[in-house]
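*Asks:* Below is a structure I'd like to ask you about.
The values are calculated or read from the model by the stated rules, or taken from the named source; none is laboratory data. These numbers were taken from a predicted model, which means no experiment stands behind them. All Cβ positions, even for glycine, are placed from backbone atoms using ideal geometry, and neighbour counts span all protein chains on display. Please note that ligands, DNA and RNA were not included when accessible areas were found on the heavy atoms of the full protein model with its side chains. Shrake-Rupley method; radii C 1.70, N 1.55, O 1.52, S 1.80 Å.
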Amino acid sequence: MADYTDFKFPTLNTTDANVHLSSTSNEHLPSQNVDFLSLAVDKCTANWTSHTLHTLQIEQVTTEVYTPMQLLSFTFSGNTIDNSASKETIDMCKNLIINSRCPLHKLDIDDLKNTDTFECFRLLMDKTLNGQWSHKVDLWNISPLTFADKLDNLQTRMCKKFQVHGELFAQQLIFMNMAKKKASLTKAMYGKLFEHFAGLFGLTCINGPSPCGVQIGDNIITSSPDMIFPDLVNSDETNEDMNVIAVCQVTDDFQTVHISHDVAKPLNCGCKKKKSEIVVKHLSDNLIGQHGGDLLAHIPLSKNNGILGIVVQKTFITFVHFRCDQVQFERIQRKEDDFASKPVIFFSRPYDYLKPVDRNELIEPFFETSFSSVESVSVRYTLYCI
């Protein structure tokens, strides 16, 4: 965990600071007459709820949403995310995708369960003259055609990754589209689809990592997230655990009725919200508690300012930032309730990567996450291996 005592967390100009506290109803919170140390915390984060986080003095901001880029700036403040060389490479890679004719631009699905098979097949195949589907080579190739636009080694590597994971992404989408005809789509299917989507931008995840443990009071709390995004560059080969950039949780459930129009409003829209108005409605108390617990257990493995989280609900992605410094973490471990300032969890709105408008807003955040690690000796930016 990074020690960032001097780190100044960005604040909003449009709302009062008090608005950013969790707006969970008081009737769900522990009574002030109850001894904090007597409150039980389950030994497995899979059983945590938002109430568990409150018990540990961790606030959840449910009255405001942040853009993915804001949450990444909180997490990677002072790191390579602000470096101009990294920005130039990210812009180049982003433009290669936007200006290409790759099938990703054709992808516009409202509901995977109800989509036509043709919509998925055309991401990888072409119809022949006799009406048969044929695999189209280089359909996901985004490399420039002219020598004048020659890329450097890192950009070339990214293009190769995009092509490989693009085809895998299309294959998984075709498989799920056909599988839905005889069975329900599973959490594992959605997880694999997201894994290949993230891979388009150079991110590599580890599925079902070994349980991570953290001591709170007299108990060892275990966390088993669905995926982690490893920080290989900053990992120490002498340690037992790999450092982590982000922790990911996947579910096969997303209730579209929970989406509020308020969630999609720009952060600095000039609209003041009532203190009791909850805009993070797409995440249940259980999901917030479980993911918050996973972030808490993994924050010692983060070299950044807090830790980044990603919640995947079917094809909807929510970015999460958990702000907790070393002093706050140690007080949680001792189960203290005297905090000058409490650890806080912040959320974005949900983004559906099967929809063009939402997907375009995810390209830059995913590239930023890929380029968040740097080898300080050579100042060379590194994407993770396929």
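*Asks:* Heavy-atom accessible area per residue, segment 174-237, 1.4 Å probe: how many Å²?
*Replies:* In whole numbers, segment 174-237 has 44 Å² accessible per residue.
*Asks:* If you take the beta carbon distance between Asp253 and Lys94 as r and set R0 to 45 Å, what does 1/(1 + (r/R0)^6) give as a FRET efficiency, to the nearest 0.05?
*Replies:* Once the sixth-power term is evaluated, E becomes 0.90.
*Asks:* Report the relative contact order of segment 145-233, percent, no decimals, based on alpha-carbon pairs under 8 angstrom and at least 6 residues apart.
*Replies:* Relative contact order for segment 145-233 comes out at 25 percent.
*Asks:* Going 7 Å from the Cα of Lys180 in the Cα-to-Cβ direction, what parts of segment 90-111 have a backbone nitrogen less than 11 Å from that spot?
*Replies:* Answer for this model: 109-111.
*Asks:* Further question: I need the shape label for segment 283-367. Rule: rounded when a/c is under 1.5, else prolate if a/b > b/c, else oblate, with a, b, c from the alpha carbon gyration tensor.
*Replies:* prolate
*Asks:* Another question, then. What's the ranking of 295-301, 179-185 by average number of surrounding C-beta atoms within 10 Å, highest first?
*Replies:* Put in order of decreasing packing, that is 295-301, 179-185.
*Asks:* Separate question: Please find the FRET efficiency linking Phe118 to Val327, where r is the Cβ-Cβ separation and R0 is fixed at 56 Å, and quote it to the nearest 0.05.
*Replies:* That gives a FRET efficiency of 0.50.
*Asks:* Please report how many Lys pairs in segment 149-238 have alpha carbons closer than 22 angstrom, counting only residues at least 8 apart along the chain or sitting on separate chains.
*Replies:* Taking segment 149-238 as the scope, the lysine pair count is 7.
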